[in-house]
1. Scanning the range 34-49 for residues that are aromatic (F, W, Y) and surrounded by 13 or more Cβ atoms within 10 Å (Cβ to Cβ), which turns out nearest to the chain's Cα centre (by Cα)?
2. Would you call T31 of a type in the set (V, I, T) and within 21 Å of the chain's Cα centre (by Cα)?
3. In the set R180, R110, which member is modelled with pLDDT under 90 and of a type in the set (K, R)?
4. Is it the case that the range 51-68 has a residue that's modelled with pLDDT of 75 or more, part of a helix (DSSP H, G or I) and over 30 Å from A158 (Cα atoms)?
5. Find all pairs meeting these conditions: Cβ atoms under 8 angstrom apart; at least six residues apart or on different chains; first residue within the range 134-145 and in a helix (DSSP H, G or I); second residue hydrophobic (A, V, I, L, M, F, W, C).
6. Out of the range 113-151, which residues are loosely packed, with under 14 Cβ neighbours inside 10 Å, aliphatic (A, V, I, L, M) and either more than 17 Å from the chain's Cα centre (by Cα) or closer than 22 Å to W78 by Cα (or both)?
7. Output yes when any residue across the range 113-126 is in a helix (DSSP H, G or I), without any contact (Cβ under 8 Å) to a residue 12 or more places away in the chain, within 21 Å of L25 (Cβ to Cβ) and polar (S, T, N, Q), and no when none is.
8. Of everything in the range 152-193 that's under 19 Å from F128 (Cβ atoms) and among the small types (G, A, S), which residue is surrounded by the fewest Cβ atoms within 10 Å (Cβ to Cβ)?
Amino acid sequence: MANNDTNSNVVAAAENLSAGEAPPLCENGFTRRVDRFVELIGEYVSWLWLVLLVVIITNVVLRYVFSQGMIELEELQWYLYAAAWLVGLSYTFVADGHVRVDVVAENLSRRAQLWLELFGLTVLFMPFVLFVIYYSLPFVSLSWTTGETSTSANGLPARWLVKGCLTFSFGLLFLVGLSRLVKVINTIRLPKLPEERGAAL
């Protein structure tokens with residue numbers, strides 16, 4: 001089974017190279033399940049952007065047409081924006097759609113790029129994610145136990161809900177970071193890697 005996974009990844013790498021794309025990382029059952037789980041959450045949460053658009057338009061019409069601004073709608077806007085943006089971080093990571101500045105990496109061999117990414121994941125990314133999770137827990141817990149609400153008279157209740165999005169989103173980031181770490185390690189362990197675009201495997 002392991003040999004079949006390796007062979008399929010090598011074939012996929014060759015196909016991507018011929019198409020002018022970067023070779024993929026080696027997946028396994030764990031990474032596929034994690035990525036699919038985060039993708040499903042991201043797909044559902046992405047509908048919040050549409051809801052946010054409706055809320056913004058409604059608030060603008062009420063304020064400038066009927067002169068009836070609502071603080072509830074204003075706060076709902078940043079509740080929705082915070083939730084959609086934070087959860088979108090992990091979804092973007094899975095899709096590898098985040099911005100990369102490859103000034104150094106683009107001049108390295110494929111294996112050196114993987115080692116550089118391994119360093120970034122283990123020394124920078126994962127510790128930062130765990131740091132945020134650790135310090136966000138008491139932040140959310142205090143909001144929950146005190147029943148924190150908006151400071152505005154007509155504001156929204158359950159302030160802990162939007163604060164909890166921080167812990168939830170970084171929990172998802174930890175999962176996708178772990179998945180990425182496993183894929184990078186699996187790829188490094190391949191006996192042969194494409195060193196440049198168009199290299200034969």
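1. The residue in question is F37.
2. Working: of a type in the set (V, I, T): yes; within 21 Å of the chain's Cα centre (by Cα): yes.
In short, yes.
3. Values: R180 fails: modelled with pLDDT under 90.
Answer to the check: R110.
4. Applying the first criterion (modelled with pLDDT of 75 or more) to the range 51-68 yields 51-68.
Still in the running and part of a helix (DSSP H, G or I): 51-64.
If we keep only those that are over 30 Å from A158 (Cα atoms) as well, we get none.
The answer is no; no qualifying residue exists.
5. S136/L166; S136/F170; F139/L166; V140/W160; V140/L166; S143/W160; W144/W160
6. Passing the criteria: V123, L137, L142.
7. Kept after step one, since they are in a helix (DSSP H, G or I), are these residues of the range 113-126: 113-126.
Applying the additional criterion that residues be without any contact (Cβ under 8 Å) to a residue 12 or more places away in the chain yields 113, 119-120, 123-124.
Then drop every residue that is not within 21 Å of L25 (Cβ to Cβ), which leaves 113, 119-120, 123-124.
If we keep only those that are polar (S, T, N, Q) as well, we get 113.
Yes: the range 113-126 contains one or more residues that are in a helix (DSSP H, G or I), without any contact (Cβ under 8 Å) to a residue 12 or more places away in the chain, within 21 Å of L25 (Cβ to Cβ) and polar (S, T, N, Q).
8. In this case the residue turns out to be G171.
The values are calculated or read from the model by the stated rules, or taken from the named source; none is laboratory data. Just so it is clear, the model here is predicted, and its values are computed rather than measured. When we count neighbours, we look across all protein chains shown, and the Cβ atoms used for this are built from the backbone with ideal geometry, even at glycine.
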